[in-house]
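The values are calculated or read from the model by the stated rules, or taken from the named source; none is laboratory data. On a predicted model such as this, the values are computed, not experimentally measured, just so you know. Using ideal geometry, Cβ is built from the backbone for each residue, glycine included, and neighbour counts are taken over all protein chains shown.
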Amino acid sequence: MDNRKFIDIRKKLHENLSRVIMGKPEVLDLVIMSLISKGHILIEDIPGTGKTMLAKSLALSINSMFKRIQFTPDMLPSDVTGVSFYNQESQKLEFRKGPIFANIILADEINRATPKTQSAMLEAMEEKQITVDGYTHKLPDVFLVIATQNPIDYEGTFQLPEAQLDRFLIKINIGYPGHKIEKMIMDSQNQEHPINKLEKVITIKEIIFMQEEIKKIFVSDEVMEYIVNIIRATRENDNIFLGASPRGSLGLYRLGQCCAAFDNREYVIPDDIKQMSIPVLSHRIILQPQFRIRDVEREEFIEEIVNRVDVPGM
């Protein structure tokens, strides 16, 4: 693996994003990891924490095609995927592409759309293609969905189905900024928003390079066994109604490789897997009803499970 070039590209992207999203280096690392791992991101947070700015900043930084889809209760699936229509001049059936045909998609407030419209994203997120009227249309090679949602207890929201949640590689929360950072944010926007000065720092070609390089990071049999043991523990826990799917295993595997690369290592260690367990698994498990009623956080169970699973070499 070309470590020096990989680290240099990642550093340029991280520094550029931090000009807009201040004081959240861990969040920016997770976003970059997801882009490299060809995974999608679900951001659940209250309004005003920078979810939209994060997606826009990423698109500007890599000079990619960016589309924003504002989900509403009256939206139809064709508003996302596109629609076929009969062209009277050419006397042929033509396809008008929807906003899903872009590199970076901001699916804003995705849980305000009805389940029928939400499901229009399933094929695109998993297979990088959509099928309309029996015809399949390919999406770009670099394709990332950043979906935002307000907490479920907000009025006018629909809970995302398990099949769609499972297609997101990670779920993150941006959260409120610290005291000093909030003052910095106000000062930085005194004259003009920093995003207006944001420049392209890397190319789509460099993103593809990173996506291929990350596959060269070595993952031992012991670490793979460790990943499987964590996933199986979520399925066998009496407090969990539905455990993580094999996509959870693949997510831990790929993000473990990203952790190693970011740490300038050629191999994955168990701590990489531990570090990624909550972002990868928190949205993939369903707790038993008694815990859902009490509004117990899923992160608590994941942390407990990971701490109980034997670490290779210990």
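Could you list all residues from segment 122-142 that are at pLDDT 90 or above, under 14 Å from LYS97 (Cα atoms), surrounded by 14 or more Cβ atoms within 10 Å (Cβ to Cβ) and touching a helix residue (DSSP H, G or I) at 6+ places or on another chain (Cβ under 8 Å)? Answer for segment 122-142, where residues must be at pLDDT 90 or above, under 14 Å from LYS97 (Cα atoms), surrounded by 14 or more Cβ atoms within 10 Å (Cβ to Cβ) and touching a helix residue (DSSP H, G or I) at 6+ places or on another chain (Cβ under 8 Å): ALA124, ILE130, LEU139. Give me a count of the residues in segment 1-29 that are touching a helix residue (DSSP H, G or I) at 6+ places or on another chain (Cβ under 6 Å) and within 15 Å of ASN173 (Cβ to Cβ). Matching residues across segment 1-29 total 3.
Checked against the criterion of being touching a strand residue (DSSP E or B) at 6+ places or on another chain (Cβ under 6 Å) and surrounded by fewer than 21 Cβ atoms within 10 Å (Cβ to Cβ), segment 113-120 contains not a single residue that satisfies it. Residues satisfying the criterion are absent from segment 251-259 (criterion: surrounded by fewer than 18 Cβ atoms within 10 Å (Cβ to Cβ) and either over 21 Å from GLU126 (Cβ atoms) or touching a residue at least 60 places away in the same chain (Cβ under 8 Å) (or both)).
The criterion of at least 1 residues that are among the small types (Gly, Ala, Ser), exposed (fewer than 13 other Cβ atoms within 10 Å of the Cβ) and touching a residue at least 24 places away in the same chain (Cβ under 8 Å) is met by the following helices (runs of 4 or more DSSP H) wholly inside segment 143-222: 162-165. Within segment 62-70, identify whether any single residue is out of contact with any Asp or Glu (no Cβ under 6 Å at 6 or more places or on another chain), hydroxyl-bearing (Ser, Thr, Tyr) and farther than 29 Å from VAL201 by Cβ, and answer yes or no. The answer is no; no qualifying residue exists.
For segment 106-142, name all the residues that are in contact (Cβ under 8 Å) with a residue 24 or more places away in the chain, in a strand (DSSP E or B) and over 16 Å from the mean Cα position of the chain (by Cα). Those that are in contact (Cβ under 8 Å) with a residue 24 or more places away in the chain, in a strand (DSSP E or B) and over 16 Å from the mean Cα position of the chain (by Cα): ILE130, VAL132, TYR135, HIS137.
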